[in-house]
There are 2 protein chains.
Amino acid sequence: MRASFRAIRDEMARRIAERAWAPGALIPGEEELAREFGAARATVNRALQELARSGLIERKRKAGTRVALHPVREARFVIPLVRQEIEAKGGEYRYRLLDAEEEPAPEAVHKRLNLTAAASLLHVRCLHLSDGSAYQLEDRWINMGAVPSAREADFGETSPNEWLVRNSPFTDAEFTFLAAAANRQEAALLDLREGDPVFVGERITWLHDRPITLVRMTHPASHRMISRM
Amino acid sequence: MRASFRAIRDEMARRIAERAWAPGALIPGEEELAREFGAARATVNRALQELARSGLIERKRKAGTRVALHPVREARFVIPLVRQEIEAKGGEYRYRLLDAEEEPAPEAVHKRLNLTAAASLLHVRCLHLSDGSAYQLEDRWINMGAVPSAREADFGETSPNEWLVRNSPFTDAEFTFLAAAANRQEAALLDLREGDPVFVGERITWLHDRPITLVRMTHPASHRMISRM
DNA sequence: GAGTGGTCTAGACCACTCA
DNA sequence: GAGTGGTCTAGACCACTCC
């Protein structure tokens, strides 16, 4: 069998796992590895780059490649649309718009978006249900300066997320996850008691430097966010 | 300037963002793009693979490459050692071992690790402090069948996480994040009231198919987990 | 200055999947 | 069967960084 970058990558991962290459140790250079595996240097390079990306090794020009002392691993989470998330779990998806109004944003919101207090923002709140029970409360602010056409959108039909996906591209995003206590409103809508823990995801998106939207997605504490590596 | 895969990738991302390539549309094949950008096909391929990995496009042999309809984006979170996390934020790190004993694991634990009730597990609890205040409560179970040398480890000196990083390699891991209500013990140790929301990260690691450890890391609700894309 | 990784090219063959 | 992406090679030059 011809040497594949996967096979080479996995073999090197094995050597690291089994301490044949100890933490902190310098491993052979690309050319030497290429000779050993009977592959082109580019192939070995690809394998090494994947290991570096996953945090197993650290590479520096001239200095060479070392096994990481503290494998600062990264976890990757897939962020699907709520609807897909619910349907993938076998639930029946339903959606309910609560309200959508242009209104002055609280300071926490316009500061977070780096906008002035005078900026025009559309506030949309809606509920995503799985098999009839509340799955996620969505509380969203849309920057009308960046997406004026949102004024004509019918969020009773399409959820703001799906509408924005189709109508408002973004180039950058920031996700934040945290735990919080449900306020009275959240508790009522999610069938919880006030003060119950909730799992919150926040996302801000930008088109280049222009903020598009800030959304706070609140789940009951039974929610799990899982990633396998 | 010579065409770089970064420049090509960014240009294609721009076209997608600006709807020059509409969602769902078929984009040109690699050869045609290579001609257009004046680059080798391998270079264009690398750019396209990165876009596919980030969820912007979907590629299928024979069918070609399409702009994703629902950009199922992925968020990447770096998972450092607590100590590094605290020090990176400018805090002074301190560590306190609470207890470490071999004891029968509750069903939730041994089932989660796919072990029998008779399996020998070391239960370690410890606290990670930032500038003197509780930052994370670590509650860990170590599979002594897989890591017998943990019996001799001095967790008063080195935290179990750092000890395991050095002494027990793993090949697979699963992360779970969730919100929960602090129980009485957690509340006391983290300076919270019972029932207060906490942010919990759980991690299971395996060496091939053998479970190594299950750890539950509990933070006060002020904790944030952030990822930029 | 020199050594190592980073990237690019041109060409080739392969593998999957659609029709 | 045929078209498209997936991967590999051999060679080259570049860029960073250590000495």
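The values are calculated or read from the model by the stated rules, or taken from the named source; none is laboratory data. The structure presented is a predicted model; accordingly, all values stated were derived computationally and were not measured. Virtual Cβ from ideal backbone geometry, glycine too; neighbours counted across all protein chains shown.
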Scan the range A:35-46 and tell me whether some residue there is touching a Pro at 6+ places or on another chain (Cβ under 6 Å), within 12 Å of another protein chain (Cβ to nearest Cβ) and buried (at least 17 other Cβ atoms within 10 Å of the Cβ).
no
All positions within the range B:67-84 that are surrounded by fewer than 17 Cβ atoms within 10 Å (Cβ to Cβ) and of a type in the set (K, R):
B:R76
Could you tell me whether any residue of the range B:163-176 is of a type in the set (K, R) and modelled with pLDDT of 90 or more?
no
Would you be able to tell me the number of residues in the range A:79-89 that are at the interface with chain B (Cβ under 7 Å from one of its Cβ atoms) and in contact (Cβ under 8 Å) with a residue 24 or more places away in the chain?
2
Among what's in the range B:150-179 and is more than 13 Å from chain A (Cβ to nearest Cβ) and not aliphatic (A, V, I, L, M), pick the residue that is nearest to B:T116 (Cα to Cα).
B:R151
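Quick grid of which residues meet (1) near DNA strand D (Cβ under 8 Å from one of its atoms); (2) within 34 Å of the chain's Cα centre (by Cα):
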{"residue": "A:I8", "(1), (2)": "yes, yes"}
{"residue": "A:M12", "(1), (2)": "no, yes"}
{"residue": "A:A22", "(1), (2)": "no, yes"}
{"residue": "A:A25", "(1), (2)": "no, yes"}
{"residue": "A:G29", "(1), (2)": "no, no"}
{"residue": "A:A34", "(1), (2)": "yes, no"}
{"residue": "A:L56", "(1), (2)": "no, yes"}
{"residue": "A:K62", "(1), (2)": "yes, no"}
{"residue": "A:V67", "(1), (2)": "no, yes"}
Within the range A:135-166, track down each residue that is under 30 Å from B:R9 (Cα atoms), surrounded by fewer than 16 Cβ atoms within 10 Å (Cβ to Cβ) and out of contact with any strand residue (DSSP E or B) (no Cβ under 7 Å at 6 or more places or on another chain).
A:G145, A:P148, A:S149, A:R166
Tell me whether the range A:58-77 contains one or more residues that are part of a loop (DSSP other than H, G, I, E, B), within 12 Å of another protein chain (Cβ to nearest Cβ), touching a strand residue (DSSP E or B) at 6+ places or on another chain (Cβ under 9 Å) and within 15 Å of DNA strand C (Cβ to nearest atom).
yes
Can you work out which of the residues in the range B:12-32 that are loosely packed, with under 14 Cβ neighbours inside 10 Å and acidic (D, E) is farthest from DNA strand C (Cβ to nearest atom)?
B:E18
Would you say B:L115 is aliphatic (A, V, I, L, M), part of a loop (DSSP other than H, G, I, E, B) and without any contact (Cβ under 8 Å) to a residue 60 or more places away in the chain?
no
Complete set of residues in the range B:195-208 that are closer than 27 Å to B:I142 by Cα and part of a loop (DSSP other than H, G, I, E, B)
B:H208
